[in-house]
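Undergrad: Please read through the structure below; I'll follow up with questions.
The values are calculated or read from the model by the stated rules, or taken from the named source; none is laboratory data. This structure is a prediction, so every number in the text was calculated from the model and none was measured. FYI the Cβ positions are ideal-geometry reconstructions off the backbone, even for glycines, and counts take in every protein chain you see.
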């Protein structure tokens, strides 16, 4: 079958869907990176607390610092780290699903248009 050069409304819909999925993929990748950085920061904070000799540790709440017991700070960090890990897992799942949808659409569109369409993205 000869690749098409004209674009039907259905084909345009698939192309638009692919573009939206691409945008979603980029957003999810940035969010995943941010969450991994947050988790790394929580790990560093946990290590700092373990190494600290102070009975009270300053914690920033909004615009102020409050001196709080190390065990309270540890619990807070563990809670926030757990929340970030849950979000990271959800984000990675959504990213995986988005990539699967993009791959399926990419195959369909290349089957329809052949070399007349480029859906490969340069990742710099």
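Undergrad: Going by the structure shown, is residue 120 on the phi < 0 side of the Ramachandran plot and in a helix (DSSP H, G or I)?
TA: Taking the combined requirement at face value, the residue does not satisfy it.
Undergrad: Taking residue 76 as the residue in question, decide whether it is farther than 30 Å from residue 15 by Cβ and touching a strand residue (DSSP E or B) at 6+ places or on another chain (Cβ under 9 Å).
TA: Details: farther than 30 Å from residue 15 by Cβ: yes; touching a strand residue (DSSP E or B) at 6+ places or on another chain (Cβ under 9 Å): yes.
So residue 76 fits the description; yes.
Undergrad: Would you mind finding the one in 64, 49 that is without any contact (Cβ under 8 Å) to a residue 60 or more places away in the chain, loosely packed, with under 12 Cβ neighbours inside 10 Å and over 26 Å from residue 29 (Cβ atoms)?
TA: The conditions single out 64.
Undergrad: If you don't mind, there's one more thing I want to ask. Determine which single condition residue 3 fails, assuming it passes every other condition in (1) surrounded by 12 or more Cβ atoms within 10 Å (Cβ to Cβ); (2) under 29 Å from residue 121 (Cα atoms); (3) modelled with pLDDT of 90 or more.
TA: The failed condition is (3).
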